[in-house]
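Encoded as structure tokens, the structure appears first; notes follow it.
Rule-based calculations on the coordinates, nothing more; no lab input. A quick note: this is a predicted structure, and the numbers were derived from the prediction, not measured. Here the Cβ positions follow ideal geometry from the backbone for every residue, glycine too, while neighbour counts run over all protein chains shown.
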Amino acid sequence: MATALQLDIVTPDQLVLSREVEYVGAPGVLGEFGILPGHVPFISALTIGRLYYKVGGKDHYVFVSGGFAEVSDNRVTILAESAEEAEKIDFNRAERALKRAKQRLDAKNAELNFKRATLALYRATERLSLQNRI
């Protein structure tokens, strides 16, 4: 039985990560799921949240903003709308985005796209939550 998985995280713009890992935990639309070597093939939609993987027993985090996960032959491919490794997140930018999203929601403007503002708030919150994990 294999002892490692190949994890590839891809966005429309770039290859974010490609490495051999021991475990992947991902934010599925029906809840978080975990993948170990030898996992059965499957495809799942992803939600906004933190994906994490283990290398050498240590957790590493990546923010993902929706997309899909495909598991097959000890390979996990994440096709994400956007993705950022926790170490590369600009936390000042995320704090500004959180502040803007809160201001939009507090203003209660009739022309406000509530769903879009709520998703912006959620993305900023999830990015900032990774600050304590690096």
Isotropic mean projected area of the C-alpha convex hull, the chain (nm²): 8.8
Net length gained if the chain between residue 111 and residue 55 were fully extended (0.36 nm per residue, minus Cα distance): 15.5 nm
Between the helical axis of 114-129 and the dominant principal axis of the chain, each derived from Cα atoms, what acute angle in degrees is found, rounded to the nearest 10? 60
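Taking only pairs that are 8 or more places apart or on different chains, how many Lys pairs in the chain have Cα atoms under 20 angstrom apart?
Values: 54/88; 58/88; 99/108; 99/115; 102/115.
The result is 5.
Magnitude of the Cβ-charge dipole of the chain, K/R +1 and D/E -1, about the Cα centre, nearest 20 debye? Before the final figure, lay out the partial values.
Values: 18 positive and 17 negative charges, 147 e Å.
It comes to approximately 700 debye.
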Put +1 on the Cβ of each Lys and Arg and -1 on the Cβ of each Asp and Glu in the stretch 5-86; which of 55, 10, 29 then has its Cα farthest toward the positive end of the dipole? 55
Gained length - residue 95 relative to residue 68, 0.36 nm times residue gap less alpha-carbon distance: 7.1 nm
Separation of the residue 75 and residue 3 label points, Cα + 7 Å toward Cβ, nm: 2.3
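At 222 nm, what helix-only mean residue ellipticity would the chain give, in deg cm²/dmol to the nearest 500, using -39500 (n - 2.57) for each DSSP H run of four or more?
Working: 2 runs with 33 residues, N = 134.
So the calculated ellipticity at 222 nm is -8000 deg cm²/dmol.
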Using Cα-Cα distances under 8 Å and only pairs 6 or more residues apart, what relative contact order does the chain have, in percent? 22
If a paramagnetic tag sat 7 Å from the Cα of residue 128 along the Cα-Cβ line, which residues of the stretch 25-62 would have the backbone N under 17 Å from that point? 49-50
Gained length - residue 40 relative to residue 119, 0.36 nm times residue gap less alpha-carbon distance: 25.3 nm
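Only sites in a loop by DSSP and with at most 10 other Cβ atoms within 10 Å count here; which GluC sites (Glu not before Pro) in the stretch 31-134 make the cut?
Working: sites: 32, 70, 81, 84, 85, 87, 95, 111, 126; in loops: 81, 111.
In loop regions of the stretch 31-134 (DSSP not H, G, I, E or B), the sparsely surrounded GluC sites (Glu not before Pro) are 111.
Please identify the trypsin sites (Lys or Arg not before Pro) of the stretch 40-134 that satisfy two criteria: DSSP loop assignment and at most 11 other Cβ atoms within 10 Å. Which are they?
Values: sites: 50, 54, 58, 75, 88, 93, 96, 99, 100, 102, 104, 108, 115, 116, 123, 127, 133; in loops: 108.
In loop regions of the stretch 40-134 (DSSP not H, G, I, E or B), the sparsely surrounded trypsin sites (Lys or Arg not before Pro) are 108.
Which whole-number percent is the relative contact order of the stretch 90-133 (Cα, under 8 Å, 6+ apart)? Before the final figure, lay out the partial values.
Numbers: 27 pairs, mean separation 23.3, N = 44.
Computed over the stretch 90-133, the figure is 53 percent.
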Where does helix 91-107 land angle-wise versus the long Cα axis of the chain, in degrees 0 to 90, nearest 10? 50
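Explain nothing, just the number: dipole magnitude of the stretch 90-133 about its Cα centre with +1 on each Lys and Arg Cβ and -1 on each Asp and Glu Cβ, in debye rounded to the nearest 20.
So the magnitude is around 40 debye.
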